[in-house]
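> Below is the structure I would like to discuss, written out as structure tokens.
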Amino acid sequence: AISIAIQSRMANSVAMKAIIIIFFSTILFYSASTTNHTVGGATGWDVVSNLQNWTKTTTFYTGDNLEFVYGPVHDVLEVDEDSYTKCQTSKPIRTFNNGDTVIPLDKPGTRYFICGTGGHCESGLKVQVAILANSSRSTGGNRRPSTTPPHSPAPSRSPPTPRNPTPDIPDTPDIPDTPSFPISPPPGQHSASEVQYHIPGWLFSLPFIMILFLLDAPTLHMLEHYQIS
Ligand SMILES: [Cu+2]
């Protein structure tokens, strides 16, 4: 009786593991397919950040997030193009001041953000982001920097470009070189993080589950044996 109890507990743990794996690999999948762009990189939303350079080396897609991290001396105003150009803080579209503002980039187009604190916008604390339709990602849009603007043909084989200094969420935290990935990326030089796969997230966890069950096959076999007897 004791060993049966132990065996059924092991079966439970297999199911547990499967659930946990599905859960985390789904999260992993979705975090791999969206990018959180920390505005200004390591120095954040601050006058010391070179925001013009930052936007030049970053490509924005619908589905990505912009994250503004800033101290209490700053705020974030979303403005129209005219206010952006003139650093006019009097008619913002939206205002944020909680120190950590995440803006989902939900549609293509250009959006403008400035700091509302006196003089900061004039000192360069302003950012303009051109958001590309997400579909351009899957058709081989160059996900990462390339110092070229997104519209010109991207160099297909650029030397390891300096990754953007952003400590944003690593695109593919622990996915090894996708050994078990069921779908091979489109031809091209894109790493896993650069390509959006058009498969449901749960499918992403299948290889892991298969590995799990292969590893646990002896356990399952023993379990069957116990149930028969
Ligand atoms: Cu400011």
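The values are calculated or read from the model by the stated rules, or taken from the named source; none is laboratory data. Since this is a predicted model, take the numbers as computed values, not measurements. Counting neighbours? That spans all protein chains shown, and the Cβs are built from the backbone with ideal geometry, glycine included.
> Among the residues of the range 97-135, how many are farther than 15 Å from Phe68 by Cβ and in a strand (DSSP E or B)?
Residues that pass the stated criteria total 5.
> For the range 36-53, how many residues are within 13 Å of the ligand (Cβ to nearest atom) and assigned to a loop (DSSP other than H, G, I, E, B)?
Counting residues in the range 36-53 that are within 13 Å of the ligand (Cβ to nearest atom) and assigned to a loop (DSSP other than H, G, I, E, B) gives 8.
> Quickly run through the range 118-132 and pick out the residues that are closer than 14 Å to Asp82 by Cα and in contact (Cβ under 8 Å) with a residue 60 or more places away in the chain.
Selection gives Lys126, Val127, Gln128.
This table checks each residue for (1) assigned to a helix (DSSP H, G or I); (2) among the hydrophobic types (A, V, I, L, M, F, W, C); (3) within 13 Å of the ligand (Cβ to nearest atom).
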position	(1), (2), (3)
Phe68	no, yes, yes
Gly71	no, no, yes
His74	no, no, yes
Ser83	yes, no, no
Pro92	no, no, no
Thr95	no, no, yes
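> If a residue has to be within 16 Å of the ligand (Cβ to nearest atom) and in contact (Cβ under 8 Å) with a residue 12 or more places away in the chain to count, how many in the range 97-117 make the cut?
10
> Within the bounds of the range 23-35, is there any residue that is at pLDDT 95 or above, under 16 Å from Val129 (Cα atoms) and away from the ligand (no atom under 16 Å from the Cβ)? Break it down into steps so the answer makes sense when it comes.
Residues of the range 23-35 that are at pLDDT 95 or above, as a first pass: none.
No, the range 23-35 contains no residue that is at pLDDT 95 or above, under 16 Å from Val129 (Cα atoms) and away from the ligand (no atom under 16 Å from the Cβ).
> Which residues, taken from the range 84-94, are β-branched (Val, Ile, Thr) and closer than 15 Å to His120 by Cα?
Thr85, Thr89, listed by residue number.
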